[in-house]
Amino acid sequence: MGRVRIGAACVGLVACLVTVGCGGGSGSTGGATANATKARHAAQEPVQSRGIKGESPTTEAATNAHISRSDCAALQKLAEERTGAGLSRHSTPSPPLSRCRLAGPGVAINVYLDSGFAANRRYHNRIEETVQFNFEDQAGVPHPVPHVGEKAAYNSSANWIPNLRSLLAVRGNQWLTVTVSIDGRSNRELRDEAAVLARAGFALTAIG
């Protein structure tokens, strides 16, 4: 009688293990199928490369913004009005690095627009590097300029570098640089002229 009871218990234990094993196998199969599906979808998604500083390919994508020939002509007219000099112009309108060069007696002006991938990030990197290499030289460090770049704390989106006679400014993913040399103008006056041209450059090349 005791042997019968022991045999029945063994049969019940085996049946229980089989049931649990089957259930576990079913769950594993379902999970494996779901994972395989996710893997296939992931393989089909395009790879998005980031820049060396971790730049996002979606928020810092390149645009077609550029200084067109007509934009350069408009900048020429503005500069002539402000300097009183007749200026020649040379336009390089192709994005992502476009340029407008203006020249005349005692006047040399260059306006560059960088609308390539991560232009905003590269602008800030440039400002940081310039500060690091020139922190003891006030004429070499960037000086914030208001009402030129996008809204930012401490006007950090636009900076004048006296030694280079250059104004660097950014709006969105567009980095605009204006270098200006005008005989007889002080550093402050050159900065102000660069600011006027930079604001005009942003307005002319704005997308939207």
Worksheet, complete the sentence: Under the Karplus relation with 6.51, -1.76 and 1.60 and θ = phi - 60°, whole-Hz ³J(HN,Hα) for the range 136-151, x at Gly and Pro, equal 9, 10, 4, 7, x, 8, x, 10, x, 10, x, 6, 10, x, 5, 5
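How much FRET efficiency would the formula 1/(1 + (r/R0)^6) give for residue 188 and residue 97, where r is the Cβ-Cβ distance and R0 is 45 Å, rounded to 0.05? Could you put the intermediate results ahead of the total?
Numbers: r = 29 Å, r/R0 = 0.65.
Efficiency for this residue pair is about 0.95.
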Worksheet entry | Rg [Å, one decimal], Dmax [Å, integer] - the range 131-171, C-alpha atoms | 10.1, 28
Discussion item. Could you give the length gained by full extension between residue 81 and residue 154, i.e. 0.36 nm per residue of separation minus their alpha carbon distance, to one decimal place?
Written reply: 23.2 nm
Worksheet, complete the sentence: Once Lys and Arg are counted +1 and Asp and Glu -1 for all other residues with Cβ under 12 Å from that of residue 83, the total becomes -2
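By its C-alpha gyration tensor, with a ≥ b ≥ c as the square roots of the eigenvalues, how is the range 69-205 shaped: rounded for a/c under 1.5, else prolate for a/b larger than b/c, else oblate?
Details: a/c = 1.89, a/b = 1.24, b/c = 1.53.
Oblate shape, in that a/c is at least 1.5 and b/c is the bigger or equal ratio.
Throughout, read-outs are computed from the coordinates displayed, never taken from laboratory work. Please read these numbers as outputs of a predicted model, since none were measured by experiment. Quick reminder, even Gly has a Cβ in these numbers, built from the backbone with ideal geometry, and neighbours come from all protein chains shown.
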